[in-house]
Each structure stands twice: as C-alpha cells, then as structure tokens.
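The block underneath contains the structure these notes are about, expressed in structure tokens.
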Amino acid sequence: MENRLREVLKREGITPYRLWKELGIDQSVMSKFLRGRYGLSVRKLEQIADYLGYELTLAKRRPSRKGGK
C-alpha cells in the first residue's frame, strides 16, 4: 500500500510533506507508513484518497480464510 501511495504522490506531483501538512497527519506516522512500518486507518486512507482525487476501493485478491468454497 505504501509503495502505491508513493507512486500516486509522484504522479500527482505532491510531496509527503505537503500531504501530511495539509491533511494534519502526524509527520512521524506518515513517514513510518511510507516506509512500511506503520498502518493507517481506513478513514485516514479515505481522506488521503479524497485529497488526491482518487477512490479507495477494496478488491478481493485470494480466497477467503473462512473455510467457504
């Protein structure tokens, strides 16, 4: 997820500094997330996606572990 965000920021010409400053995200939290050492809440990810003009979606990648077929 963090690599995808880095790609989007680069494509949109937005620095991590600008993102955390304008959205009020703690700098250390953003830095840890971008290095893969910390997770962000879905709410915060939605806020970032909205700011960047993207839609946050969930996509199933593999079968569920629930034991279903």
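Cross-link partners of LYS44 among lysines, defined as those whose alpha carbon lies under 22 angstrom from its own and excluding same-chain residues fewer than eight positions apart: LYS10, LYS21, LYS32, LYS60. Only helical runs count toward this figure. For the chain, summing -39,500 (n - 2.57) over DSSP H runs of n ≥ 4 and dividing by all residues gives -16000 deg cm²/dmol at 222 nm.
Readers should treat all values here as calculations from the given coordinates under stated rules, not as data from a laboratory. No experiment lies behind these values; they were computed from the predicted model shown.
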